[in-house]
Amino acid sequence: MKIFITGASSGIGKALALAYAKNSPGSSVMIGLAARRQDVLHELANELQTVPDVQCAIYPLDVKESHALDTAAKDFIQRFGVPDLVIACAGVSRGTLTEYQEDNAAFQAMMEINVLGMVHTFQPFITAMKGVGHGHLVGIASVAGIRGLPGAGAYSASKAAVINYLESLHAEMLHENIAVTTILPGYIRTPMTDANQFRMPFLMDADVFAKKFIHHVAAKRRVCVIPWQMGIVVKLMRMIPPALWDKLVKNAPQKSRVIEKH
């Protein structure tokens, strides 16, 4: 199996790299690890390559830079062939308040990384996948993209954009035998959620999330909420009338205005 993962140096991306490497006995696994921190990528690659039949290539890059992803994609394909699976995990989050001009940079960063970074990740692989007649693109969205949350205008907006972008991409790929899956995590224990100072219902460890992710992606689910309990929450969030939603979120806890990554 050939897999390319962005945001691979920590959190969900790292957990997925470890899970795919360690849960594919008897088959060769080739993994492209992309993230900004080269030293951490080296450490992860060394760990993964202790597993039999696992090969790694590392790509220190910033997903904001489309040319960097293009170069990485070409190198991965040259080394291993067209990937079976491309997973866009890179993302950042922080609390934002529109009234503060200094938060403009955070709004911009979240749109560039969370949304455009996903576009940059998938873009250079699509033509190659069309050429071989198959492929699977998976994007990490968030339950926070279902409705706007106080103090999370930038993050909620970016993840809402991701959800709709992936739906559009799914429609575009229908005739190409390329699957597109949208994953909506709830609260997953990562460096990003470690910064939260409020109670997080149904908090799940990243390694547990990764096992469930693999199961749903193998089934080529179109949209999946993990954990399942948050799926019920998502359905309720969509049904709640605006007036009731206002009452529920008026005094809701807000995320700190300090940037964290997935």
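So if we plug the beta-carbon distance of Trp228 and Arg257 into 1/(1 + (r/R0)^6) with R0 = 35 Å, what FRET efficiency do we get, rounded to 0.05? Before the final figure, lay out the partial values.
On the way: r = 31 Å, r/R0 = 0.90.
That gives a FRET efficiency of 0.65.
Listing His67, His42 from the residue with the fewest other Cβ atoms within 10 Å to the one with the most, what is the order?
Working: His67 10, His42 15.
Lowest to highest Cβ neighbour count: His67, His42.
Report the residue, chosen from Ser168, Ser66, Ser93, that carries the largest GNM mean-square fluctuation when the chain is represented by alpha-carbon nodes joined by springs under 10 Å.
Ser168
Can you sort Thr6, Thr182 so the residue with the fewest Cβ neighbours within 10 Å comes first?
Numbers: Thr6 31, Thr182 23.
Ordered from fewest to most neighbouring Cβ atoms within 10 Å, Thr6, Thr182 come out as Thr182, Thr6.
Taking every DSSP beta bridge that has both residues in the chain, what percent is antiparallel when rounded to the nearest 5? Walk me through the intermediate numbers first.
On the way: 2 of 34 bridges.
In the chain, approximately 5 percent of DSSP beta bridges are antiparallel ones.
Here is the link list: Lys130/Lys159; Lys22/Lys74; Lys74/Lys220; Lys74/Lys130. Which ones come out longer than 20 Å on Cα distance? Before the final figure, lay out the partial values.
Numbers: Lys130/Lys159 27 Å; Lys22/Lys74 26 Å; Lys74/Lys220 25 Å; Lys74/Lys130 15 Å.
Where the Cα-Cα span goes over 20 Å, the pairs concerned are Lys130/Lys159; Lys22/Lys74; Lys74/Lys220.
For the chain, set up a Gaussian network in which alpha carbons nearer than 10 Å are linked by springs, and say which option among Pro241, Pro227, Pro60 fluctuates the most.
Pro241
With the alpha-carbon atoms as the only input, what is the per residue convex hull volume for the chain in Å³? Present the calculation step by step, with values, prior to reporting the outcome.
Values: hull volume 32.1 nm³, N = 262.
Once divided by residue count, the hull of the chain is 122 Å³.
Pick from Ala171, Ala45, Ala206: which residue has the top mean-square fluctuation in a GNM of the chain where Cα pairs under 10 Å get a spring?
Among Ala171, Ala45, Ala206, the largest mean-square fluctuation in the Gaussian network model of the chain belongs to Ala171.
Find the Cα radius of gyration of the range 1-43, compare it with 2.2 N^0.38 Å by division, and give the number to two decimals. Please report the intermediate quantities before stating the final value.
Values: Rg = 10.2 Å, N = 43, 2.2 N^0.38 = 9.2 Å.
Against the empirical 2.2 N^0.38 Å value, I get 1.11 for the range 1-43.
Which of rounded, prolate or oblate describes the range 196-238 when judged by the alpha-carbon gyration tensor and an a/c cut-off of 1.5?
Working: a/c = 3.26, a/b = 1.30, b/c = 2.52.
Cα axes put the range 196-238 in the oblate bin.
Read-outs throughout are calculated quantities, based only on the coordinates presented, and are distinct from any laboratory measurement. Worth saying up front: this structure is predicted, and the values here are computed from it rather than measured. Cβ coordinates were reconstructed from backbone atoms using ideal geometry, including for glycine residues, and neighbour counts include every protein chain displayed.
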